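Every number here is computed from the coordinates shown, using simple stated rules; none is lab data. Bear in mind that the values here come from a model prediction, so they are computed numbers and not experimental data. Note: ideal-geometry Cβ built from the backbone for every residue, glycine included; neighbour counts use all protein chains shown.
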Amino acid sequence: MKTGRKFLHGGLVLGVLLLAAGLPARAQQVLVQANVADDTIKTTFGPNRRYFGHAYLGYGLLAGGAGAGAPVRYGLRSGELRVGGRLKRRFTQSLALNLDLGYAYQHLELAQNDQKTVPTPQLHRQESLAWHQLYSEISLRLNAGRRGNSVGRYLDVLAGGGWVAATSHSTEEEPGPGIGSVEVTERGLPYLRRWMGTAGARLGLDRYAFTARRRWSPAFAAGYAWPELPRWVLGLEIGLF
């Protein structure tokens, strides 16, 4: 009887010990799994991780010469607004690839002088051309310096294209007595090209960047041998992240 009680007591003690040993192991196993999942997300998504996506805003001014007959009023009167989203795929600490999709609105004000021939020689009080564009852009990113989990300093080499979804030609005339203004807007212009191609560069630090793009396709459609419009857009970009 004593031997049986000792054996039973010893079995209970052994069972309790095994159960106590098993609980931390199970708790540790669940904890390790949770940490692995968190670490995977942190090491995959982020400013300096394998993948990073964000929206951005940009504004640039038209630059470069225009052909004779297409006089342009430069400065804030003629510029381009961009709104888009970017997905970055990092390959190494110094090399990444970006894919952009977005919307661009370009507005160009024409000077009124005797040399003007685009789109007609007729003079107005004010005159402008505008187009709305849906674009895509791919860029190769070269990073420099240590940056931790931040975008850091970079140089992007750009190439892109876009479809011109809408166009307009607006004029304002001298109003007659008692008339506030006389404005005329023509839409769906046949002489502006529907597909545009660009190339350029972006030099940035974290969310701020200087941009320079050059349009390599003609502004006017085939069959319109008109003076060329300015090809360069120089501006700033702000990342929304």
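Checking the a/c ratio against 1.5 first, then a/b against b/c, what shape does the Cα gyration tensor give for the stretch 135-192?
Prolate, since a/c reaches 1.5 and a/b exceeds b/c.
Extension gain TYR208-ALA166, at 0.36 nm per residue separation less the Cα-Cα distance, in nm?
Working it through step by step, the gained length comes to 12.2 nm.
Considering only C-alpha atoms, what is the centroid distance from the stretch 91-122 to the stretch 186-215, in Å?
So the two Cα centres are separated by 5 Å.
Using Cβ counts within 10 Å as a stand-in for footprinting exposure, how do ASP206, ASP114 rank, fewest first?
Fewest-to-most ranking of ASP206, ASP114: ASP114, ASP206.
Students often get this wrong: which residues of the stretch 129-143 have the backbone nitrogen under 17 Å from the point 7 angstrom along Cα-to-C-beta of SER94?
Of the residues in the stretch 129-143, 140-143 have backbone N under 17 Å from the label point off SER94.
Where the only charges are on Cβ atoms (+1 Lys, Arg; -1 Asp, Glu), what is the dipole of the stretch 53-198 about its Cα centre, to the nearest 20 debye?
1180 debye
At 0.36 nm per residue, minus the direct Cα-Cα distance, what do ALA199 and ASN149 gain on full extension? Give it in nm, one decimal, please.
Length difference between fully extended and current span is 15.1 nm.
Just rank PHE210, PHE52, fewest to most, by other beta-carbon atoms within 10 angstrom.
Ascending Cβ contact count within 10 Å gives the list PHE210, PHE52.
Fewest Cβ neighbours within 10 Å first, please rank LEU205, LEU192, LEU234 accordingly.
By the 10 Å Cβ count, ascending: LEU205, LEU234, LEU192.
Identify the residues of the stretch 123-141 with backbone N under 15 Å of a label point that sits 7 angstrom from the Cα of ARG73 along the Cα-to-Cβ direction, or state none.
Residues 123-130 fall inside that zone.
How much net charge surrounds SER181 when only other residues with a Cβ under 12 Å from its Cβ are counted (Lys, Arg +1; Asp, Glu -1)?
-3
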